[in-house]
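To start, the structure itself, in structure tokens.
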Amino acid sequence: MARVPVAEGIFTWPSDDPRLIGSRCAACGIVTFPAQGACPRCASTGMAEHQLPQRGRLWAWTTQEFPPPAPPYAGPAGEAFVPYGVGYVELGGEVKVESRLTETQGLRIGMDVELVLVPFRTDGEGNEVVTFAFRPVG
Ligand SMILES: [Zn+2]
């Protein structure tokens, strides 16, 4: 089974040391995720690719107890759905990223978390589609 990323340009792929790919404004320094072509703060178009730190801190979280509306959600539904954590992770004091979490229990605001790539679904060609998530460190 081949592994494919859920979308191009979201995280480094393939990589043994995955990083989320954001962008940084050369004019004002703001960092965005996902990457954007124009700065949301100063409207500069001088946005450069900026790989985000692999580790961060959990800023807020909840659990997704039922499948989100589809589309855009394209993951398992019905009996195949498994509840998952979702949260905001602060990375390097630069940016907060909304992400899936590997756990639904034992989460605490402020805990250290790290980026991992996890199976999300199987596509129509039998490929394992991989997405990103954060898991507690330690
Ligand atoms: Zn800017």
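List every residue pair whose Cβ atoms lie under 9 Å apart, where the two residues are 6 or more positions apart in sequence or sit on different chains, the first residue falls within region 71-99 and is over 17 Å from Thr131 (Cβ atoms), and the second residue, located anywhere, is open to solvent by 30 Å² or more (accessible area, probe 1.4 Å) and hydroxyl-bearing (Ser, Thr, Tyr).
Lys96/Tyr88
Condition check: assigned to a loop (DSSP other than H, G, I, E, B), closer than 26 Å to Asp16 by Cβ and either touching an Asp or Glu at 6+ places or on another chain (Cβ under 6 Å) or touching a residue at least 60 places away in the same chain (Cβ under 8 Å) (or both). Does Gly126 satisfy that?
On the way: assigned to a loop (DSSP other than H, G, I, E, B): yes; closer than 26 Å to Asp16 by Cβ: yes; either touching an Asp or Glu at 6+ places or on another chain (Cβ under 6 Å) or touching a residue at least 60 places away in the same chain (Cβ under 8 Å) (or both): yes.
Criteria met by Gly126.
For region 112-124, give me the residue count where each residue is at pLDDT 95 or above and more than 14 Å from Ala7 (Cα to Cα).
Here the count works out to 5.
Where in region 25-111 are there strands (runs of 3 or more DSSP E), lying fully within it, with 2 or more residues that are within 16 Å of the ligand (Cβ to nearest atom) and either surrounded by 15 or more Cβ atoms within 10 Å (Cβ to Cβ) or at pLDDT below 90 (or both)? Step through it out loud before you land on a result.
Values: elements: 47-51, 55-64, 84-91, 95-101.
Output list reads 47-51.
Looking at the structure I just gave you, is Gly22 modelled with pLDDT of 95 or more, out of contact with any helix residue (DSSP H, G or I) (no Cβ under 9 Å at 6 or more places or on another chain) and open to solvent by less than 60 Å² (accessible area, probe 1.4 Å)? Can you show your working first?
On the way: modelled with pLDDT of 95 or more: yes; out of contact with any helix residue (DSSP H, G or I) (no Cβ under 9 Å at 6 or more places or on another chain): yes; open to solvent by less than 60 Å² (accessible area, probe 1.4 Å): yes.
Judged against the criteria, Gly22 is a match.
It is to be established whether one or more residues within region 31-48 are in contact with a Ser or Thr (Cβ under 8 Å, 6 or more places away or on another chain), at negative phi, of a type in the set (Val, Ile, Thr) and touching a residue at least 60 places away in the same chain (Cβ under 8 Å).
yes
The values are calculated or read from the model by the stated rules, or taken from the named source; none is laboratory data. Because the structure is a prediction, the values reported are computed rather than measured. Here the Cβ is made from the backbone with ideal geometry for all residues, glycine too, and neighbour counts use every protein chain on show. For the accessible areas, the whole protein counts, side chains as well, though only heavy atoms, and no ligand, DNA or RNA atoms are used. Shrake-Rupley method; radii C 1.70, N 1.55, O 1.52, S 1.80 Å.
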